[in-house]
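Working notes, structure below.
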Amino acid sequence: MEIVLATWSPRKAQWIKEGLLKLPIPMRALFENEVDEVDESGNTFEENALLKANAVQITSNRIIVAEDSGLCVNVLDGNPGVCTARWAPGTDDDRSVKLLEELKHVTNPALRTARIKSVVAIRFPDGSSSYTYGELEGRISFSPRGRLASGYSRIFELPRGLTIAENGLPTVKVNDHHLQALAMVTERIREWIIAHESRGDSLD
């Protein structure tokens, strides 16, 4: 049995692995050219995560894990949402500048609330799939702050007043939305394995 992480990003693969450390199953990210780049054309985080998972060939001993996440600003009706990574041309810093521009008329900090949503899709060898969820609540700052990261991490303010980039800890340690979702992934995979072992299915 192996877990394939449906991502080409070494950074994302690393924090997913860290979040699933309690699973005694070998894990790996996608090999180069293993699948074509996925067009994240879904209208929801669930659809995008499943598109990534479905792009990887299912075999009898392979569990696919894929994640999609984004920033949802309440006063902007949940935008940029699933378009977080492509909301504006350019870099993540360019997109965060656009977001600040969109919110320049919102001068009350209490109205700048936002959340980062993370959805993980799990696709099992029998073709069944499951989703897990995590959210990190916060608000959008009035200007970028912090040097430990870029883009949205410099404008997403955590409840205690620091942006993610100012927090001073590795990203995976503060991104509770990822940890919440991955903790549930661990349980779902364990439950699936136990159910199939109890039926005498081979998981080699």
If you go through the stretch 57-82, how many residues are open to solvent by less than 50 Å² (accessible area, probe 1.4 Å) and either closer than 30 Å to residue 106 by Cα or of a type in the set (Gly, Ala, Ser) (or both)? 12
Qualifying residues in the stretch 110-120 (those that are under 20 Å from residue 43 (Cβ atoms) and among the β-branched types (Val, Ile, Thr)) - the one surrounded by the most Cβ atoms within 10 Å (Cβ to Cβ): 120
Please give the number of the condition residue 88 fails out of (1) within 25 Å of residue 133 (Cβ to Cβ); (2) open to solvent by less than 20 Å² (accessible area, probe 1.4 Å); (3) part of a loop (DSSP other than H, G, I, E, B); (4) not acidic (Asp, Glu). (1)
Name the one entry in 123, 154, 147, 139 that is within 17 Å of the chain's Cα centre (by Cα) and open to solvent by 30 Å² or more (accessible area, probe 1.4 Å). 123
Scan the stretch 1-56 residue by residue and report those that are open to solvent by 40 Å² or more (accessible area, probe 1.4 Å), in a helix (DSSP H, G or I), touching a Ser or Thr at 6+ places or on another chain (Cβ under 9 Å) and of a type in the set (D, E, K, R). 11, 47
Pairs, please: C-beta under 9 Å, at least 6 apart or cross-chain, first residue at positive phi and in the stretch 143-160, second surrounded by fewer than 16 Cβ atoms within 10 Å (Cβ to Cβ) and not hydroxyl-bearing (Ser, Thr, Tyr)? 146/168; 151/93; 151/94
I'm trying to understand the selection: among the residues of the stretch 40-92, which are among the charged types (D, E, K, R) and within 16 Å of the chain's Cα centre (by Cα)? 40, 46, 47, 52, 67, 68, 86, 92
Selection from the stretch 6-60 of residues within 29 Å of residue 115 (Cα to Cα) and small (Gly, Ala, Ser) yields 6, 9, 13, 19, 29, 41, 42, 49, 53, 55
Criterion (modelled with pLDDT under 90 and aliphatic (A, V, I, L, M)) met by exactly one of 183, 110: 183
Consider residue 130 carefully, then state whether it is modelled with pLDDT under 85 and under 19 Å from the mean Cα position of the chain (by Cα). no
Per the list (1) β-branched (Val, Ile, Thr); (2) assigned to a helix (DSSP H, G or I); (3) under 20 Å from residue 186 (Cα atoms), residue check on residue 82 breaks on (3)
Any residue in the stretch 93-115 that is within 26 Å of residue 37 (Cβ to Cβ) and under 17 Å from the mean Cα position of the chain (by Cα)? no
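The values are calculated or read from the model by the stated rules, or taken from the named source; none is laboratory data. Just so you know, these numbers come straight off a predicted model, no measurement behind them. Note that each Cβ is placed from the backbone with ideal geometry, even for glycine, and that neighbours are counted across all protein chains shown. To get the accessible areas, we keep the full protein, side chains included, count just its heavy atoms, and leave off ligands, DNA and RNA. Shrake-Rupley method; radii C 1.70, N 1.55, O 1.52, S 1.80 Å.
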